[in-house]
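First comes the structure, then the notes that go with it.
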Amino acid sequence: MIVQILVTSDGTIHLSVAGEIDLATIEEFEEALARAVAVDGTPRILVDFGDVGFCDSSGVAALDRAYHEAAVRGVALRVIRLQEGVHRLLEVTGLLDSLTAR
């Protein structure tokens, strides 16, 4: 898994994730989410899953925790460009609406 972090001119943090998110890669994913959530003054975090082909329950749990931690800080965390399998997983877990709302 590869995670790249970019901060845009308006302060939005864009986390681009590529590969698979599972027990073998979850630590790196959680660390990237934690770093993004900890940035002061950012209005939103966009987690780009356009190149994520697989995400297991550990990835979903990490997203859920980061979403709630960001909300406490007043930051909107959203997941964008979901592949079909990950979209369905978030839908089944009931997280799709909160993680993709605009």
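In this rough spin-label picture, where each label sits 7 Å from Cα along the Cβ direction, the Glu27-Ser98 distance is 2.8 nm. Computed 3J(HN,Hα) for the range 24-29, one whole-Hz value per residue from the Karplus formula 6.51 cos²θ - 1.76 cosθ + 1.60 where θ = phi - 60°, is 6, 10, 4, 4, 5, 5, glycine and proline marked x. Maximal additional length on extending the His68-Glu20 stretch stands at 15.0 nm, based on 0.36 nm per residue less the C-alpha distance. Close amide H partners of Ile80, meaning residues 5 or more places away or on another chain with modelled amide H under 5 Å apart, are Val47, Asp48, Phe49.
Scalar couplings 3J(HN,Hα) for the range 7-20, obtained by applying the Karplus form with A = 6.51, B = -1.76, C = 1.60 to θ = phi - 60°, are 10, 7, 4, 8, x, 5, 9, 10, 9, 9, 10, 9, x, 10 Hz; x denotes Gly and Pro. In nm, give the distance between the simple-model label positions of Ala61 and Val7, each being 7 Å from the Cα along the Cα-to-Cβ direction. Placing both labels 7 Å along Cα→Cβ, they lie 3.1 nm apart.
Values quoted throughout were computed directly from the atomic coordinates according to the rules given, and no laboratory measurement underlies them. This structure is a prediction, so every number in the text was calculated from the model and none was measured. We place every Cβ from the backbone using ideal geometry, glycine too, and count neighbours over all the protein chains shown.
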